[in-house]
Amino acid sequence: MNGSLAAFAAPGRFWRGNLHTHSTLSDGRLPPDQVIAAYRAQGYDFLQLSEHFLARFDWPIADTRGFRESGFTTLLGAELHAPGLVIGELWHILAAGLPADFAPAGEREDGPALARRAREAGAFVAIAHPAWSQLVIEDGRALEAAHAVEVYNHSCAVECDRADGFYLLDRLLSEGRRLSACATDDAHFAHGDRDAFGGWVQVKAQTLDPDALVAALKRGDYYSSMGPAFHDVRLEGDMLHVDCSPVDTIAVMGAGSRTVTRVGRAITSASLDLSRLRKGWMIGIDSAWLRVALIDSAGRRAWTNPFWPNETG
């Protein structure tokens, strides 16, 4: 491929949103109106209340359509649960763009089947907080309906230092899966707002229409962030050009251990020679996929979705 990555080449603008948040409709501490008001006050363009889709909470799909206004919208969705992870616990499956009448999980419906039904109903499906849930590669392989892996979960970072999902995403990518990478809060407001406003998606779409946002998520037309901003990422032959907000590190990673990195202070652009992934004192791996990470001076990160440099288009 040559030119800007899909999220940067697509028409429209970037909209900031959080896909994973809870209210008193399940186990959150604040009622829906206060949660939505808090995100609006922080400058978010959209929000999803992803309540725990369980019988003890009366199978909630939070109907937040009444909070949609010019300049702010909501997605309908939920955090779905069903047996059974290898570890023996329930699946946590993030689904954005569910119909309001999505049926409760069946008694014999396992996680992969529930995720498949959510995808068939039109939802963007992500594997939630894999490190917190202690997912292994067999779990990731089983959830064939997933569009994405939740690679950063801010609540897990705050509460137990199990925020990461890249270990699972990268392994699945190297096995040939096509997945994107989303960051979320999973906020419950259990510690004030300490578990909120820490991880989000920047979705590229022409309008703030919920259907347009969900379609863009499915296409992978977004990037994820804890703070830094990507302005453009474009490929010209073996050279990858990155424009961004000021950061101290720009890194390109693929299937192996090798990286191409620019480290400094307040870097806003870099041209990185991808051929270096196959050179040097270590044996490189020809990776079918690559992704880019930013790290700013405060340690906050941003991540592109994976891309496949040897493909046309």
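Taking the conditions exactly as written (over 30 Å from residue 137 (Cα atoms) and either part of a loop (DSSP other than H, G, I, E, B) or modelled with pLDDT of 95 or more (or both)), does residue 105 satisfy them or not? No, not satisfied.
Select from segment 79-97 the residues that are touching a residue at least 24 places away in the same chain (Cβ under 8 Å) and surrounded by fewer than 15 Cβ atoms within 10 Å (Cβ to Cβ) and list them in ascending order. Scanning segment 79-97 gives 83, 84, 86, 87, 89. Entry remark, segment 170-186: residues being surrounded by 17 or more Cβ atoms within 10 Å (Cβ to Cβ), within 14 Å of the chain's Cα centre (by Cα) and either over 25 Å from residue 49 (Cβ atoms) or of a type outside the set (A, V, I, L, M) (or both) number 6 in total.
Would you point out the residue of segment 274-305, among those that are surrounded by 21 or more Cβ atoms within 10 Å (Cβ to Cβ) and at pLDDT below 90, that is nearest to residue 223 (Cα to Cα)? The residue in question is 287.
Within segment 98-134, if we keep just the residues that are touching a Leu at 6+ places or on another chain (Cβ under 6 Å) and in contact (Cβ under 8 Å) with a residue 40 or more places away in the chain, the residue that is surrounded by the fewest Cβ atoms within 10 Å (Cβ to Cβ) turns out to be 105.
Within segment 264-273, does at least one residue satisfy the condition of being assigned to a strand (DSSP E or B), at pLDDT below 95, charged (D, E, K, R) and surrounded by fewer than 19 Cβ atoms within 10 Å (Cβ to Cβ)? Looking through segment 264-273, at least one residue is assigned to a strand (DSSP E or B), at pLDDT below 95, charged (D, E, K, R) and surrounded by fewer than 19 Cβ atoms within 10 Å (Cβ to Cβ). Being of a type in the set (A, V, I, L, M, F, W, C) and over 28 Å from residue 212 (Cα atoms) is a property that residue 135 has. Elements of the type strands (runs of 3 or more DSSP E) sitting completely within segment 160-251 and holding at least 2 residues that are closer than 23 Å to residue 22 by Cβ, touching a strand residue (DSSP E or B) at 6+ places or on another chain (Cβ under 6 Å) and in contact (Cβ under 8 Å) with a residue 60 or more places away in the chain: these cover 180-184, 200-205, 222-225. Residues of segment 124-154 that are part of a strand (DSSP E or B), touching a Gly at 6+ places or on another chain (Cβ under 9 Å) and farther than 16 Å from residue 173 by Cβ: 124, 152, 153.
Of the numbered criteria (1) in a loop (DSSP other than H, G, I, E, B); (2) modelled with pLDDT of 95 or more, the one residue 84 fails is (2). If we keep just the residues of segment 154-164 that are surrounded by 23 or more Cβ atoms within 10 Å (Cβ to Cβ) and out of contact with any Cys (no Cβ under 9 Å at 6 or more places or on another chain), which is farthest from residue 254 (Cα to Cα)? Once the filter is applied, the top-ranked residue is 155. When segment 1-54 is filtered for residues that are basic (Lys, Arg) and either closer than 19 Å to residue 198 by Cα or not assigned by TED's automatic domain parsing to the domain that holds residue 215 (or both), the ones remaining, listed by number, are 16, 29, 40.
The values are calculated or read from the model by the stated rules, or taken from the named source; none is laboratory data. Computed from a predicted structure; not experimentally measured. Using ideal geometry, Cβ is built from the backbone for each residue, glycine included, and neighbour counts are taken over all protein chains shown.
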